[in-house]
Amino acid sequence: MAEAEESPGDPGTASPRPLDLWGPLILCVTLALMLQRDSVDSEKDGGPQFAEVFVIVWFGAVTITLNSKLLGGNISFFQSLCVLGYCILPLTVAMLICRLVLLADPGPVNFMVRLFVVIVMFAWSIVASTAFLADSQPPNRRALAVYPVFLFYFVISWMILTFTPQ
């Protein structure tokens, strides 16, 4: 378990607070499992496999965290990973809803419902993560810190929207 740095806003707390990385890990595994195709022969379905989704999520989160630190952000490495990981929750919910919607007959209405759900959950993820991460950046560098977050959640949202079972 990772240990958090003592924050200046907590006077009198000498011991660091433990950070919870289990939640983001469970959300990432859940999303990767839901995005995995049902076919036995993974060579022919063309969809993302478990390891691809897992690596995209964690490599993206680490890259955004390093970018934030290099831009002079005052957030710890593991705090940033926790925020980015927990903000995948809306997209995991979107994937669950999209899988349920895909049980119905495919068509334009089906796609529009999935598009609406993914856009709403994408916006929720962006607002939730940037509210915390942007405040940790110097004012003149906030856009540089928020843009990679937008791209990170956009890629995950695109994988969810383009998912079709077999």
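The values are calculated or read from the model by the stated rules, or taken from the named source; none is laboratory data. A quick note: this is a predicted structure, and the numbers were derived from the prediction, not measured. Counting neighbours? That spans all protein chains shown, and the Cβs are built from the backbone with ideal geometry, glycine included. These accessible areas exclude ligands, DNA and RNA; they are computed on the full protein's heavy atoms, side chains included. Shrake-Rupley method; radii C 1.70, N 1.55, O 1.52, S 1.80 Å.
Taking the average, over residues, of other Cβ atoms within 10 Å as the packing measure, peptides 116-124, 143-151, 78-86 rank 78-86, 116-124, 143-151 from highest down. Only the Cβ atoms of Lys and Arg (+1) and of Asp and Glu (-1) were treated as charged; on that basis the dipole of segment 49-155 about its Cα centre amounts to roughly 180 debye.
Once you treat every alpha carbon in segment 49-155 as an equal point and sum by Debye, what is log10 I(q)/I(0) at q = 0.12, 0.23 Å⁻¹? Treating every Cα as an identical point scatterer, log10 I(q)/I(0) equals -0.45, -1.19. Normalised per residue, the accessible area of segment 49-155 is 53 Å², obtained with a 1.4 Å probe and no contribution from ligands, DNA or RNA.
For segment 27-166, the residue among PHE154, VAL53, VAL101 whose Cα projects farthest onto the positive side of the dipole built from Cβ charges is PHE154. In segment 78-158, Cα pairs under 8 Å separated by at least six residues give a relative contact order of 35 percent.
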